[in-house]
Amino acid sequence: MTPNHLLKTLLLAVAFMAPGTLHAQAPAEAEKKDYIMPHVLNGHELAIPSFGHGLEREIHLPRWAPIQIGGLTLDLSPSKHVVMLWISGALCLLVMVAAARGAAKAHAAGRPAKGLAGAVEAMVLYLRNDVILPNVGHHGEKYVAYCLSAFFMVLFCNLLGLFPYMATATGNISVTATLAVLSFLVIEIAGMRALGMGYINTIVWWPRDLPFAVKAPVTLIMTPVEILGKFTKPFALAMRLFANMTAGHIAVLALVGMIFTFAQMLNYSPAAYGAALIPVALSTAIMGLEVFVSFLQAFIFMLLTAVFIGQIRESHH
Amino acid sequence: MRLLKLTIASLAGLIATAAPLFSQAGEHAATATEAAKPGLLTVDGGLMFWTLIVFAAIFTILAKYAFPLILGAVQAREAALTKALEEARADREAAAKLLAEHQAKIEAARGEAQKFIADGRATAETMKSTMLEETRKQQAELLERAKRDIESEKSAAIAELRREAVGLAISAAGKVIEKNLDDAQNRKLVEGFLAGLKQ
């Protein structure tokens, strides 16, 4: 990457955050290249390490012909986020199964699990005993596997996006929406199983202990609210995860872009290297925050799913 | 039942209304290369499909090969705990039953012992009284016999003394009046005197 290219990156970073200023400041910039959005968005190119010119090289992923199912056209070709899903899924399976085996072997030998196995065991035990079971309520054992799977899949996707050359699949609304739809189905099925016919009360608000004259209008008002509530919960799940992951990456990229703004402002003098320390320090801090946010968002996704399952199972009107 | 069917129908309706969105998304992705670039909120049907596949793989494999291994020990411990509690409750009940039984037995034994002691005391009492009675009787008998012996000895001694006295008197009187009196006549006289003396 030439300094000129990098400078343009930075300008785009600024442009993304404040479009108004770009027009005022740089009408002369004829050719603009957006470095941030292609990184955050899905695409059919993959960045791989390269030491020829620059540090990365783009390879084009194969395109498959879309398949037609009824009125539905599905393009199943592996885009960047699909590849990231595969990698993080494979890593998740590898790490979890290896850790589980390590933990089981340690238990069989009568000693506590150490290292990765110990860490994974501690996480799984904490989430099951102190987060999932207390929130889901009595006989919540059936929902433990779903909640833990969702947690670890989201966690591995989040963390994979922090590595160089990688992208965050959970920063794509399609991925988070699919996971949220799965949570929605699990929540509603949990409600049907726990309440039986009483499940209808979670759609139609019908309090038994009110007189009919009060009940009828309140039901008319509350039923749409109840139905809306069913869909806002998974919608919020999808949006929260997507927005958090995307925002973090944009913040880091914008801070990195600032290095080149400073360079241009200082006319590429040696002082520019000193000035670069500020964005480097800031983006390092944000990256550290991102590691924490990766865990936090995976935890929140799982926690809220467990809370919603518990809510619908407890809701006796 | 009708309400449940209605619910299912409404859910199916919702999915049906959402289907065009999916197909739209698919078409969008298919034409994305040439024309419009995907935005932040573009729904990508293919990516959704792959998400489902990856999640299904993670869920099935982890639920079978990872979580049971990690949670197995905990679940076994929980099961053992509930079993131990159950057993403890049963044991406590059995112990309480045994204790009640033993207490009943001890109570019975104590009653029996009391009875034995009372019996012994009564026997001792009767034995004492009978022995005392017997001793008293024997004593009285001995006393009686001694009295009787003394009496007979006394009368024998009196008779002996009388006979001796008669002999002495005769011999003394004979010495005094030896000449005049023949023996037979005098004896009659003295005896007459003695008879008068006796009265």
Reported set for the stretch A:195-225 where residues are modelled with pLDDT under 85 and in contact with a Lys or Arg (Cβ under 8 Å, 6 or more places away or on another chain) is A:TRP206, A:PRO207
Give the stretch A:196-215 a look and list any residue that's of a type in the set (Gly, Ala, Ser) and surrounded by 12 or more Cβ atoms within 10 Å (Cβ to Cβ), or say none. A:GLY198
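Each row is one residue, and each column tells you yes or no for (1) more than 30 Å from A:ALA122 (Cβ to Cβ); (2) more than 9 Å from chain A (Cβ to nearest Cβ); (3) surrounded by 10 or more Cβ atoms within 10 Å (Cβ to Cβ).
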| site | (1), (2), (3) |
| --- | --- |
| B:PHE49 | yes, no, yes |
| B:PRO68 | no, no, yes |
| B:VAL74 | no, no, yes |
| B:ALA80 | no, yes, yes |
| B:ALA95 | yes, yes, yes |
| B:LEU98 | yes, yes, yes |
Which of the residues spanning the stretch A:77-97 are over 24 Å from A:ILE67 (Cβ atoms) and either at pLDDT below 95 or facing another protein chain (nearest Cβ under 7 Å) (or both)? A:CYS92, A:LEU93, A:MET96, A:VAL97
Go through the residues of the stretch A:127-137 one by one and say whether even a single one is under 14 Å from B:ALA66 (Cα atoms), at the interface with chain B (Cβ under 9 Å from one of its Cβ atoms) and not charged (D, E, K, R). no
Just to be sure, is A:LEU220 within 14 Å of chain B (Cβ to nearest Cβ) and either on the phi < 0 side of the Ramachandran plot or of a type in the set (A, V, I, L, M, F, W, C) (or both)? no
Within the stretch A:57-74, is there a residue that is within 7 Å of chain B (Cβ to nearest Cβ), surrounded by 15 or more Cβ atoms within 10 Å (Cβ to Cβ) and in contact (Cβ under 8 Å) with a residue 40 or more places away in the chain? no
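The values are calculated or read from the model by the stated rules, or taken from the named source; none is laboratory data. Because the structure is predicted, anything quoted here is derived from the model rather than measured. Note that we place each Cβ from the backbone using ideal geometry, even for glycine, and neighbour counts take in every protein chain shown.
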